[in-house]
Amino acid sequence: MNREVFRKEEQVLGEARAAVATAQDKGKPVAPVFSSLVDEYGRLLRQSRRLVTMGDRMQQTLNSLNHDLAVGEQKYRGIFENVTEGIYRCEADGTMVEVNPAMAAMFGFRDSESFLASVRNFKSLFCSPEDYELYESLLRADDVWRYQVKTCGPESGTIWSEISASAISGQDGGATDGVVGVMADVTERKHMVEEMCRLARTDSLTGLFNRGYFMDLAARELARVQRNGGGLSLLIVDVDYFKAVNDTYGHDVGDKALITLSRILMNSVREVDVVGRFGGEEFVVLLPDAHRPDACRVADRILEHVRAAMIDASDGSFAMTVSIGLTSFEDEGDDLDSLVKYADIALYAAKKNGRDRVEVYRRSACSCRQADCVEAATAGGGQKQ
């Protein structure tokens, strides 16, 4: 290509050199300035040819770069438009610049344009200012992070989102030019985890706390009482003659009886009280900030409600009764295992003394409207049924 560009110049230079050579062959004098001009013209022509060659190479490189950029843009657009996670870009102040279709759909919009028309600032997607402040603090950190937070879209309502974002540095390391991030809808995953946690701590039949989780909660409450003082009482509730219920009416009716009892227990206590199923027909009730007289009133109320409840069976309905063992925190040396043991001793006494009653394990005087106080030495023995 260079020869085509400089053909005329090469022709002129060749003619000039030929003229100088012909004159010298004929012995004619040639002006030094003319020879110098011819040589200088030759040097300029060579430099020009080199510059054009460099320009051609630079253009080829530029073309290659433009091609690579076009391919990269095509790949980016393919990912941006088709990825299932939401992708967004916003200014440093949160002003939205760009979102992909997945993020628009995540928040209930038909396309990116309608999302940007409705959501002007990324901050408006956060349900609480505190959550957005934490998001900003994470942006200022250099570490890679993922942040799960409740987001509130104008079209989608509340969803759980997992955000991973990074700030775009300004020129020469100056102020942030903006933020680019990825969002994923993890609502279903969050609910699944919550459901797994719920199943791990609750009884599948009654929905009450299971033994393990009840003991954890009770241990925390006992530690609080030991630290700060106050009352604490524990009830163990056992269905009377439950084996006869299963044998007479079947296990499905027995299950119905346990579910009924669990509802009675929940309706007989406060929201701060903790109710759990220990296993089989045995239930436990923890009464924080309740001394023995308060706990006796709760136990009496449970007895009355249980007596009044009727359980439907195939050939009619029947009533059930329960026996209750009660103990209260009295000594700083009492641990949870001791309280459970004392309540269980009182429960054995209730069974032994006729059932459908409350017995109280005591080391000091007690007062229950219809409960007999039982000394530890005489409360043992008997068999729960």
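What residue, of Val180, Val149, is surrounded by fewer than 17 Cβ atoms within 10 Å (Cβ to Cβ) and under 28 Å from Gly86 (Cα atoms)?
Values: Val149 fails: surrounded by fewer than 17 Cβ atoms within 10 Å (Cβ to Cβ).
Of the residues listed, the single one that is surrounded by fewer than 17 Cβ atoms within 10 Å (Cβ to Cβ) and under 28 Å from Gly86 (Cα atoms) is Val180.
Can you work out which of the residues in the range 125-150 that are out of contact with any strand residue (DSSP E or B) (no Cβ under 8 Å at 6 or more places or on another chain), of a type outside the set (D, E, K, R) and assigned to a helix (DSSP H, G or I) is farthest from Ile168 (Cα to Cα)? Step through it out loud before you land on a result.
First, pick out the residues of the range 125-150 that are out of contact with any strand residue (DSSP E or B) (no Cβ under 8 Å at 6 or more places or on another chain): 129-130, 133, 136-137, 141-143.
When the remaining residues are screened for being of a type outside the set (D, E, K, R), the result is 129, 137, 141.
If we keep only those that are assigned to a helix (DSSP H, G or I) too, we end up with 129, 137.
Values: Pro129: 23, Ser137: 15 Å.
Here the residue is Pro129.
Does Asp331 qualify as being charged (D, E, K, R), in the same structural domain as Val237 (by TED's automatic domain parsing) and more than 35 Å from the chain's Cα centre (by Cα)? Lay out the reasoning, then the answer.
Details: charged (D, E, K, R): yes; in the same structural domain as Val237 (by TED's automatic domain parsing): yes; more than 35 Å from the chain's Cα centre (by Cα): yes.
Yes.
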- request: Would you point out which residue out of Gly207, Gly230 is at pLDDT below 90 and in a loop (DSSP other than H, G, I, E, B)?
  value: Gly230
message: With the structure loaded, tell me whether Thr260 is at pLDDT below 95 and among the β-branched types (Val, Ile, Thr) or whether it fails that test.
response: no
query: Is there any pair linking a residue in the range 136-157 that is farther than 19 Å from Thr95 by Cα to one that is basic (Lys, Arg), with Cβ under 9 Å and at least six apart or on different chains, and which?
result: Gln148/Lys190
query: Residues of the range 313-333 being surrounded by fewer than 18 Cβ atoms within 10 Å (Cβ to Cβ) and either hydrophobic (A, V, I, L, M, F, W, C) or in a loop (DSSP other than H, G, I, E, B) (or both), which ones?
result: Ala313, Ser314, Asp315, Phe318, Ala319, Thr321, Glu330, Asp331, Glu332, Gly333
- prompt: Filtering the range 94-115 down to residues that are in contact (Cβ under 8 Å) with a residue 12 or more places away in the chain and surrounded by fewer than 17 Cβ atoms within 10 Å (Cβ to Cβ), which residue is nearest to Glu188 (Cα to Cα)?
  reply: Gly108
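Could you check the range 293-314 and list, in sequence order, the residues that are charged (D, E, K, R) and either more than 19 Å from Leu258 (Cα to Cα) or touching a residue at least 40 places away in the same chain (Cβ under 8 Å) (or both)?
Step one: filter the range 293-314 for residues charged (D, E, K, R), giving 294, 297, 300-301, 304, 307, 312.
Selection gives Asp294, Arg297, Asp300, Arg307, Asp312.
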message: Out of the residues in the range 230-268 meeting the condition of being within 14 Å of Ser323 (Cα to Cα) and aromatic (Phe, Trp, Tyr), tell me which one is surrounded by the fewest Cβ atoms within 10 Å (Cβ to Cβ).
response: Tyr241
- line: When restricted to Asp247, Asp238, the only residue over 19 Å from Val340 (Cα atoms), of a type outside the set (S, T, N, Q) and not in a loop (DSSP other than H, G, I, E, B) is Asp247
task: Kindly provide the set of residues from the range 173-219 that are under 18 Å from Leu258 (Cα atoms) and in contact (Cβ under 8 Å) with a residue 40 or more places away in the chain, ordered by number.
output: Asp203, Leu205, Thr206, Gly207, Leu208, Phe209, Asn210, Arg211, Phe214
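Scan the range 187-232 for residues that are at positive phi and among the aromatic types (Phe, Trp, Tyr) and jot them down.
From the range 187-232, those at positive phi are 207, 229-230; that's our starting set.
Within the range 187-232, none qualify.
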statement: In the set Glu162, Glu195, the lone residue that is of a type outside the set (Ser, Thr, Tyr) and either in a loop (DSSP other than H, G, I, E, B) or surrounded by 13 or more Cβ atoms within 10 Å (Cβ to Cβ) (or both) is Glu162
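Residue-by-condition table, conditions (1) modelled with pLDDT of 90 or more; (2) under 34 Å from the mean Cα position of the chain (by Cα); (3) within 29 Å of Val193 (Cα to Cα):
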| residue | (1), (2), (3) |
| --- | --- |
| Gln47 | no, no, no |
| Leu51 | no, no, no |
| Thr61 | no, no, no |
| Leu65 | no, no, no |
| Tyr76 | no, yes, no |
| Ile79 | no, yes, no |
| Thr84 | no, yes, yes |
| Met96 | yes, yes, no |
| Asp111 | yes, yes, no |
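Considering only the range 116-129, state which residues are in contact with a Cys (Cβ under 6 Å, 6 or more places away or on another chain) and surrounded by fewer than 20 Cβ atoms within 10 Å (Cβ to Cβ). Even if it seems obvious, please write down each step before you answer.
Of the residues in the range 116-129, the ones in contact with a Cys (Cβ under 6 Å, 6 or more places away or on another chain) are 122, 127.
Of everything in the range 116-129, just one residue is in contact with a Cys (Cβ under 6 Å, 6 or more places away or on another chain) and surrounded by fewer than 20 Cβ atoms within 10 Å (Cβ to Cβ), namely Cys127.
The values are calculated or read from the model by the stated rules, or taken from the named source; none is laboratory data. Every value quoted in this text rests on a predicted model; they were computed, and no experiment measured them. FYI the Cβ positions are ideal-geometry reconstructions off the backbone, even for glycines, and counts take in every protein chain you see.
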